[in-house]
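Participant: I am attaching a structure below and will ask some questions about it afterwards.
The values are calculated or read from the model by the stated rules, or taken from the named source; none is laboratory data. Keep in mind that what you see is a predicted model, and the values were worked out from it rather than measured. With ideal geometry, Cβ positions are generated from the backbone for all residues, glycine too; neighbour counts draw on all protein chains shown.
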Amino acid sequence: MPPKTILLVEDEDNIAIALEYLIRQMGHRSARVADGTAALAALAGDPPALVVLDVMLPKRSGFEICQIIRKEPALAETKVLMMTAGGGEVERRKGLALGADAFLMKPFATRDLTDRIAELLDDG
């Protein structure tokens, strides 16, 4: 399966570095931005196959970004994997209701993340 582009929207550097490493290990390309406004700018270019999207972000929340992705016809094929360290079941339900394809609670096992990405990209 050819590599796909995954947009990583994560403001915590240490988490982003680990996630980028995992994405590359899976054979995909990653692009990373650290806030909601930068995510929208990145999405305006070539649409990624998947957006790994943190809920708590500077400037615009992951929930807002997810809503915008789902309203944009050019991004109809883009999958969204949301993740958060806070909240719990309420945030998970909200993310899925706004159109996220999957939701992970931090901290999560590496295997859970890679399995979710593989499922969403149909490489699993």
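Participant: Give the residues of the stretch 66-85 that are under 17 Å from residue 121 (Cα atoms), in a loop (DSSP other than H, G, I, E, B) and not charged (D, E, K, R), sorted by residue number.
Facilitator: Selection gives 76, 78.
Participant: Can you go through 77, 64 and tell me which one is farther than 22 Å from residue 12 by Cβ, over 12 Å from the mean Cα position of the chain (by Cα) and either surrounded by 20 or more Cβ atoms within 10 Å (Cβ to Cβ) or touching a residue at least 12 places away in the same chain (Cβ under 8 Å) (or both)?
Facilitator: 77
Participant: Mind checking whether some residue in the stretch 88-95 is of a type in the set (A, V, I, L, M) and surrounded by 15 or more Cβ atoms within 10 Å (Cβ to Cβ)?
Facilitator: Looking for residues that are of a type in the set (A, V, I, L, M) and surrounded by 15 or more Cβ atoms within 10 Å (Cβ to Cβ), one finds none in the stretch 88-95, hence no.
Residue-wise test of (1) assigned to a loop (DSSP other than H, G, I, E, B); (2) in contact with a helix residue (DSSP H, G or I) (Cβ under 9 Å, 6 or more places away or on another chain); (3) of a type in the set (Val, Ile, Thr).
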residue: 8; (1), (2), (3): no, yes, no
residue: 15; (1), (2), (3): no, no, yes
residue: 22; (1), (2), (3): no, yes, no
residue: 30; (1), (2), (3): no, yes, no
residue: 39; (1), (2), (3): no, yes, no
residue: 52; (1), (2), (3): no, yes, yes
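Participant: Moving on to the next point. What are the pairs with Cβ atoms under 7 angstrom where one residue, in the stretch 93-116, is at pLDDT below 95 and part of a loop (DSSP other than H, G, I, E, B) and the other, located anywhere, is surrounded by 18 or more Cβ atoms within 10 Å (Cβ to Cβ) and not hydroxyl-bearing (Ser, Thr, Tyr)? Sequence gap at least six, or different chains.
Facilitator: 106/83
Participant: Residue 52 - would you say it is surrounded by 18 or more Cβ atoms within 10 Å (Cβ to Cβ) and either at pLDDT 95 or above or over 12 Å from the mean Cα position of the chain (by Cα) (or both)?
Facilitator: Values: surrounded by 18 or more Cβ atoms within 10 Å (Cβ to Cβ): yes; either at pLDDT 95 or above or over 12 Å from the mean Cα position of the chain (by Cα) (or both): yes.
So residue 52 fits the description; yes.
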